[in-house]
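Read through the structure below, which is laid out as structure tokens, and then see the notes.
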Amino acid sequence: MKTKLIISLYSIAFLFMACAQDKKQVDVSEMGDTSFVNNNFESNLIDYRDGMSACDQLNTADIAKLYGVSASQIVLDDPLTNPNRQATSTPICSFYVESGASDFLWLKGSISVNREIGKDEHMGEVHEATGGGENWQEAWALQKSISNSSEWVDGLGLAAIWKASAKELKIKFKGYTLNVYPPTNRANQEEAAQNRDYKDIAIKIAKAAGYVN
């Protein structure tokens, strides 16, 4: 990889981590280590396509079961099926758990499908540097190496990383990255007291949505 791109990778990733107050001293041994890539990955269960829904296989009962509530307390908001929402170029679906006395206390999560951007496309170099391009491995390794709360998750897609500080699961597939944010709300003290395993919930949401077995 060119020196210019390595510098770009470091600068962008460091900025992201610093803003999230999740940075740690760079682990040089991790920066070039791509052993986290699943070389046994065969194919996507769901391929990216223009106009796709991010969660057409997900239903309210799936999320309700994970949070121990009734399906009537779950709201799915998919721009493709909600006439009150403007469709976005990135397939995304939000979901809410009605928890607390007002919607301010509801738990909010989402799932999105982020297409892999080619090197020669608009902003291609930026996407390469942030792990959303065709050559994503070193960018992912770098982001992991400077994040205090990140860990690799084995057996999901080409690679998967859980960032606890952001409650974010990223799974790399052929042609796209899936981002899963399990429903949370720091302002909801009752929810905080549950001490849930959000990584496990994020994985189960990805499975319920049909992306992984």
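Side notes on the structure shown:
- The label point for SER70 and the one for GLN57, both projected 7 Å from the Cα toward the Cβ, are 2.9 nm apart.
- Mean separation of Cα pairs under 8 Å and 6 or more residues apart, divided by the residue count, gives the chain a relative contact order of 24 percent.
- Farthest towards the positive end of the charge dipole of the range 70-163, among the residues TYR96, GLY157, SER147, is the Cα of TYR96, using unit charges on the Cβ of Lys, Arg, Asp and Glu.
- Mean Cβ neighbour count within 10 Å, used as a protection proxy, ranking 104-111, 186-193, 50-57 highest first: 104-111, 50-57, 186-193
- Cα pair count fraction exceeding 29 Å, expressed as % - the chain: 28
- Cα long-axis angle, helix 198-208 against the chain (0 to 90 degrees, to the nearest 10): 80
Quick note: the coordinates plus some simple rules give every number you see, no bench work behind them. A quick note: this is a predicted structure, and the numbers were derived from the prediction, not measured. Positions of Cβ are backbone-derived with ideal geometry, glycine not excepted, and every protein chain shown enters the neighbour counts.
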